[in-house]
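Read the figures in this text as sums done on the coordinates, not as results from a lab. Quick caveat: nothing in here was measured; it's all calculated off a predicted structure. Here the Cβ positions follow ideal geometry from the backbone for every residue, glycine too, while neighbour counts run over all protein chains shown.
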């Protein structure tokens with residue numbers, strides 16, 4: 001699987017979940033302890049928007065914290081859809097993956113940035129499905145790719161793991177568990 005089609009698939013699955021949320025669902029809790037469904041969707045939208053900006057040539061900043069403005073599921077779905085469309089258009093442009101994106105903490109090759117966006121959206125899609133009370137099964141190839149990338153990222157940045165950081169502490173999980181469970185546990189969630 002190439003990176004662009006992999007990200008497109010992850011974003012398509014995420015978009016389906018975002019579209020399935022009702023306004024009543026927005027207050028439901030998620031596995032992300034400080035975010036309800038509405039805040040999680042807002043975070044997912046901010047991340048996709050940020051990467052879309054980066055691949056479009058605009059600067060990138062850390063995703064903003066979810067706000068407290070009232071929203072409807074329709075407005076959140078529309079915002080997520082627009083962010084997805086912008087990112088997919090930007091990464092499909094010739095040479096997009098060869099770009100170097102400027103992040104608030106340094107620079108990153110386009111290929112790596114796509115991997116990070118994919119990891120964020122895949123794991124948060126699982127979170128969103130849990131918050132919505134829906135089953136969610138990751139494609140094993142995508143989950144394996146993301147788990148490998150997350151291992152590399154955390155190994156290169158051990159300070160990324162811990163309370164209030166990008167990754168919570170890893171949750172114990174059997175080495176022979178399904179790859180989805182191992183990914184979720186590695187990201188600090190109970191499978």
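The label point for residue 134 and the one for residue 155, both projected 7 Å from the Cα toward the Cβ, are 3.5 nm apart. When each of the peptides 179-185, 10-16 is scored by how many other beta carbons lie within 10 Å of its residues on average, the order from highest to lowest is 179-185, 10-16.
Two numbers describe the Cα atoms of the stretch 3-136: Rg and Dmax, which are 14.3, 42 Å.
Which order do peptides 134-142, 74-82 fall in by mean Cβ count within 10 Å, highest first? Provide the component values of the computation, followed by the final result.
On the way: 134-142: 14.2, 74-82: 16.7.
So the peptides 134-142, 74-82, ranked by packing, come out 74-82, 134-142.
Note on the stretch 107-191: percent of Cα-Cα distances in each 10 Å bin, starting at 0 and stopping at the bin with the largest distance, equals 17, 53, 27, 3.
Here the calculated FRET efficiency for residue 72 and residue 163, from their Cβ-Cβ distance with R0 = 35 Å, stands at 0.60, rounded to the nearest 0.05.
In deg cm²/dmol, rounded to 500, what helix-only [θ] at 222 nm does the chain give when every DSSP H run of at least 4 residues adds -39500 (n - 2.57) and the total is split over its residues? Walk me through the intermediate numbers first.
On the way: 6 runs with 105 residues, N = 191.
Helix contribution divided over all residues of the chain: -18500 deg cm²/dmol.
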